[in-house]
Ligand code: NAD
Ligand code: DAU
């Protein structure tokens with residue numbers, strides 16, 4: 001095998017798409033997926049590739065420094081693509097410590113292990129840190145986040161991701177650890193845990209439950225189909241410049257309420273309901289504390305330098321996403337039983 005690559009958080013939403021793409025495309029690499037299988041991790045996401053000869057799964061928590069050192073000793077990784085994180089803003093508001101632990105300390109454990117393993121032989125190695133546009137804070141009605149936009153995180157989630165980005169750069173500067181960072185906008189698509197806006201609302205519509213819109217619903221996000229994010233990660237991992245940051249976005253801004261109305265309209269069609277039926281479930285509720293008003297990515301750098309541009313239109317991506325959730329009822333039932341019910345009651349009642 002030519003290379004051994006560690007992908008952390010590969011059982012999660014974005015991670016599972018990245019793992020699948022790497023396992024199928026790079027049969028000359030060994031792909032090791034290390035995941036703690038928290039509520040957001042689900043090996044069902046990878047059933048189609050779990051028996052591939054170049055795929056390995058390791059049930060490891062990145063907060064366990066000893067286990068991480070042992071993992072690096074076992075596989076002698078050539079590269080790391082780090083996605084494992086606590087990722088939901090609302091959960092970071094109720095339990096910030098879990099975010100500080102995993103996103104900051106867990107990242108530090110991986111950086112320490114990579115630094116030790118690659119000391120003096122950094123050539124050809126790469127630590128790829130997958131981050132978020134939320135580190136830049138909130139925009140008003142105009143402007144875009146550039147790679148040079150100063151950090152201004154506003155939630156415990158984004159602050160913990162910002163801290164991890166700073167750590168990665170500090171290890172690059174201090175120990176010459178070869179790294180790249182990407183900051184991406186909101187992803188959507190198959191396998192996303194139904195705590196995030198789009199899958200939560202698809203699930204609720206299906207079950208005729210209220211659609212809880214925070215505040216005035218006029219918050220804006222820039223949406224990217226998850227498989228396009230995975231393609232960008234592949235490109236940056238292989239061709240991005242050492243020590244650089246790339247913003248990744250969908251060139252696709254939507255106010256929440258407009259997106260929700262579009263989703264309702266599509267769901268009416270898919271479920272054979274009379275036009276306007278699903279939209280009757282829209283319910284405005286108390287706002288998210290510290291809610292960022294608008295995110296918008298300027299992805300010119302990755303487009304110009306690496307030729308990346310989203311390949312899936314929002315219309316296509318949303319249709320694929322809805323179809324996937326409607327066809328995968330068992331997946332949805334499995335992830336929404338048990339603890340999900342408690343989470344939902346605490347968050348929305
Ligand atoms: P997710 O919550 O769906 O998945 C996270 C995965 O990490 C899960 O498989 C979980 O089991 C694993 N994990 C969590 N804590 C762990 C720990 N301590 N040790 C090992 N594994 C652990 O998240 P996602 O939406 O797929 O996001 C993946 C990454 O991409 C995150 O770093 C996130 O900050 C970033 N990101 C997400 C988005 C988005 O819209 N979802 C956008 C930009 C960046
Ligand atoms: O921008 C990238 C980020 O996008 C990622 O780093 C995060 O991991 C990811 O969770 C996502 O964060 P958001 O907070 O933007 O996503 P979420 O799906 O939670 O919310 C999207 C918008 O919808 C936001 O303005 C809040 C609103 N919302 C969300 C939920 C869950 C509602 O109005 N009601 C809801 O029930």
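The values are calculated or read from the model by the stated rules, or taken from the named source; none is laboratory data. Here the structure is a predicted model, which is why all the values come from computation and not from measurement. Here the Cβ positions follow ideal geometry from the backbone for every residue, glycine too, while neighbour counts run over all protein chains shown.
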| query | Is it fair to say residue 203 is free of Cβ contacts under 8 Å to residues at least 24 places away in the same chain and under 21 Å from the mean Cα position of the chain (by Cα)? | reply | no
Would it be correct to say that residue 49 is in a loop (DSSP other than H, G, I, E, B) and touching a strand residue (DSSP E or B) at 6+ places or on another chain (Cβ under 6 Å)? yes
Subset of segment 69-81, residues assigned to a helix (DSSP H, G or I) and either surrounded by 18 or more Cβ atoms within 10 Å (Cβ to Cβ) or at pLDDT below 95 (or both), comes to 71, 72
Here the residues within segment 201-245 that are outside any helix (DSSP H, G or I), over 28 Å from residue 80 (Cα atoms) and either modelled with pLDDT under 95 or more than 16 Å from ligand 1 (Cβ to nearest atom) (or both) are 207, 208, 209, 210, 211, 212, 213, 214, 215, 216, 217, 218
Those residues of segment 292-330 which are closer than 30 Å to residue 272 by Cβ and in contact with a strand residue (DSSP E or B) (Cβ under 7 Å, 6 or more places away or on another chain) amount to 312, 314, 317, 321
Residue count, segment 161-200, condition under 18 Å from the mean Cα position of the chain (by Cα) and either part of a loop (DSSP other than H, G, I, E, B) or more than 30 Å from residue 123 (Cβ to Cβ) (or both), comes to 16
Picked from segment 189-198 (must be farther than 18 Å from residue 38 by Cα and surrounded by fewer than 24 Cβ atoms within 10 Å (Cβ to Cβ)), the residue farthest from ligand 1 (Cβ to nearest atom) is 190
Of (1) within 16 Å of ligand 2 (Cβ to nearest atom); (2) assigned to a loop (DSSP other than H, G, I, E, B); (3) surrounded by fewer than 18 Cβ atoms within 10 Å (Cβ to Cβ), residue 84 satisfies every one except (3)
Within segment 10-34, of all residues that are out of contact with any strand residue (DSSP E or B) (no Cβ under 6 Å at 6 or more places or on another chain) and either assigned to a loop (DSSP other than H, G, I, E, B) or more than 16 Å from ligand 2 (Cβ to nearest atom) (or both), the one nearest to residue 106 (Cα to Cα) is 12
Subset of segment 262-284, residues closer than 27 Å to residue 140 by Cβ and surrounded by 16 or more Cβ atoms within 10 Å (Cβ to Cβ), comes to 263, 282
Note: among 116, 123, 134, just one is assigned by TED's automatic domain parsing to the domain that holds residue 236, modelled with pLDDT of 95 or more and within 16 Å of ligand 2 (Cβ to nearest atom), namely 134
Inside segment 299-349, the number of residues satisfying the requirement of being closer than 30 Å to residue 239 by Cβ and either part of a helix (DSSP H, G or I) or within 20 Å of the chain's Cα centre (by Cα) (or both) is 22
